[in-house]
Amino acid sequence: MEENDHTVMLRFFLAVTAVFLLPACAGPTVNLATSQPIKVDISMRLDVYQHNRDGIKKPGANTTAVAPVDPEASRRNRMADVQLFKNSRLVGESRDGLLSIQGDAPGDYGEYVRKTVAQENADRMALMKASAEKDKTPLSDLQQKQAELWRNRAFTGELIEVQEAEGSWKWIPKPE
Amino acid sequence: MAPDKPRIKRLWLRRLAWAITSLIVLLALAAVLAVANLTFLARWAVQRALPSAKVVLGEVAFKAPGELRFQEFVLKDPATNETVLELESGSFLFSFNDIRQLRIGEIRFINPRIIIAPNIGKLFTATGNSQSSGRIPFIRRIVCDYGEATAVVGGDPSLHVRANFSFDWRDFGSDLQAPLSLNVWDLRAAAEGSDTPLLVLHVITLAATIEGLRTEGKVLEATIQGGNLAVGASLQNFVNGFSTGSKKPSPAFDWNLGKLDIRDLRVELEADVAEKRHLNFAFNTTLRNLSLAQARDELSEEMQMVELSNIEVLSPLDPLTKVLTMRSIFVRFNLAGLLRKELEEITILNPTIYVGPDLFWYMEDTQKRLGTGSADTSGTNGWTIHTVEVRLGRLVIGSGGRTQYGLPLTFQTSLKNVALNNLATLKLEGALEIPAQSYPFPAYQLDVTTEPGELRFAYPREKNADNLVGTIKITDILWRQYRAQEAWISTTFDRHGINGQFGGKAYRGYVSGGFSFFFAPMPPWIGWVSGKKVDLKKLTNAISPQNFSMTGPLDFRLQVDAFARVIDRLKGDFRTLQPGRMKIGKLDDLLEKIPDTWSSIKKSSARIGLEALRDFDYDTGRGDFWFVQDQGIFDLKLQGPQGSRKFQIVLHADDSPLKQWKKTTTP
């Protein structure tokens, strides 16, 4: 009999213990949310290549070719570089229809700017000389007309050389 | 007493025979005397017939039986002793039958020269009255194969008229109501002291009856076939002198005309400009029942119309370049107006103005030539056009006429009382009306619907002013998929090119801009556009529907540098004005294509990443871009509560990495 009572008591104790302990199982709240919204910074670059859609042989595409380079095509090929220089106000359109370096660029980049501008001016001169001979126009006159055209075509903010009322020339960003 | 009767009879017969013989002898003697003094008798007879004239008659003699010929017959006005009629020679033909019927057989005038003096009519009458009621002799035939007539008409300066004539009148005087015709040809009228005739009439046919001429001075019909009339300063001087001078129309010309028929009279308008260009047109008319004075007035007042077609005005510098073409010009005027240098109306149909440097060179060249003194600069003797109408005109904006670029527009205009008083200082101001119309320009993928507008012009170009200034209101404009409404475009033209400004409502905002188009081969042009508060959702839907969208208002600026239809350079920037949402709809395609073979974690990660990239709410956004031909950079920077998005799209024309602009770009 005593053994049975002991068993009953043990079961009662376990039951009471379970009653009191089970609520304790809820434990502390664990917060998984962030106090600030999650910020994601995405920076991506998409390069789109157009592989000679028109079938036009671009200058420099075949360096072994010995055919003379068309100055117009050559100019077209460096237009993006020249535009970047203009955006950076490193170069401007001068009174003689040529590009002029107006800003300092250090190191290799500066050398690249100078080399590119020299090539651009050589191509422009070749084109203007050919046009002057064709139209039997003095080269200086043609240079002035081309300079005026370049000034007119300049985007707002690009450097241009303009003549002042008293006749002197100065460099200004093209006004709006 | 009965035997005496035969004797008496014989006596009377003998007396009669003597009488007849004597008469015959007398007649023979008279005839001999008459023949011997034929010239004297003829001169006496003519002088008796024309007592008002002074008669000079040369030799008169029989050249053949029944033919009496005379030499050098001259009639002079006794008052002035001026010759009015001169015949080299002439002849009278008659037969026995003519004598029996008391008529003249035939009168033939050989090379007569008639000088029609103001009072010539009086010389041919017995009383000196031009409208005589005397008996008209009956002449079987009056003929003249070739004669000359001259006359001096008008005041100071006078008009010298010369003409040739011929006639062949049968049974003259038998029926006074029978029409007689006079053929006149090669009539030439020249101003005094001038060798150039003002008027040349090729053939004139006059018809009249003797009775009509005698009683009413009436010419039944005058028909003029072919000729030239030069309308210019000389004719004007003559008319002025005629109307103001002391010499009035003479009675010799005071006739009535039953019918005047003029065919193919070419009127030559002497343009009063340095180059003396002439304008010709045909003059045809029929007038009835009027006096010569009335005929002159009717002819001068009758409205005429002339059409000139396919006129091209070429560049003074390049003969292959057109500056103005006109398909038809209708000029309405009357001769009186021409003499006053007035044109009633000029209607120009289908003109095309080629707006380019050559047009302005032409205008300046014309202005220079007119200003050198060759034109009338007195301001008192110029031309006036009462009405100028221009219909269905086209305006072609071009670089020189050979190759046209730009947009053709139609126009019309109406001007009143355009005075060309002083061509050197002429100022012509007007407006070319742009009618409400839809203009499709497929080459430019452009459709424009305009409201009525006008293109104002001024000639000559004023200093520091533009020649053509126009504002065109546009109801709707559709370029590719971009649409604007309630727009306007204002343009000015000068010798260097075209400058314009425009504006309009677009995408709930307002877009404005401008352009300059320079006249040159492969004409360069620049343009700039700015937008204020443009709805990004509508704009991105138009640019890239479903693939990319943004919301909120946007301000932007854009500059273009181009040659003809090829865009050379493009540069711009933009910024958002309010928070919005960006969605890259194109990424939905990628989301759908996530492979099922991927693990759950991999698929979830890819989905989260793509959705984070696809949708982004931003507070601020800005960007810029530049492209040269087919290469350049587009930058977009967005900042929002969930971070930032920086996108850079680099467009490469080639795959060479050596270019500096490619190295320096960073997202």
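Values in this text are rule-based calculations from the coordinates and carry no lab data. Just so you know, these numbers come straight off a predicted model, no measurement behind them. Cβ placement follows ideal geometry from the backbone for every residue including glycine, while neighbour counts extend to all protein chains displayed.
Side notes on the structure shown:
- Order by protection proxy (mean Cβ within 10 Å, highest first), peptides B:12-23, B:67-78: B:67-78, B:12-23
- Other residues lying with their Cβ under 10 Å from the Cβ of residue B:223 contribute a combined charge of 0, Lys and Arg counting +1, Asp and Glu -1.
- With 20 Å as the limit, the listed pairs B:537/B:637; B:538/B:586; A:115/A:174; B:637/B:659 have A:115/A:174; B:637/B:659 beyond it between alpha carbons.
- Radius 9 Å from Cβ of residue B:114, net charge of other residues (Lys, Arg +1; Asp, Glu -1): -1
- Counting Cβ atoms of other protein chains within 10 Å of each residue's Cβ and taking the mean over peptide B:640-653 gives 5.
- Amide proton proximity set for residue B:138, modelled H, under 5 Å, gap of 5+: B:104
- Ordering of B:94-100, A:103-109 by burial proxy (mean other Cβ atoms within 10 Å per residue, highest first): B:94-100, A:103-109
- Neighbour counting of Cβ atoms within 10 Å sorts the residues B:188, B:340, fewest neighbours leading, into B:340, B:188.
- Peptide A:79-89 has a mean of 6 when you count, residue by residue, the C-beta atoms of other protein chains within 10 Å of its C-beta.
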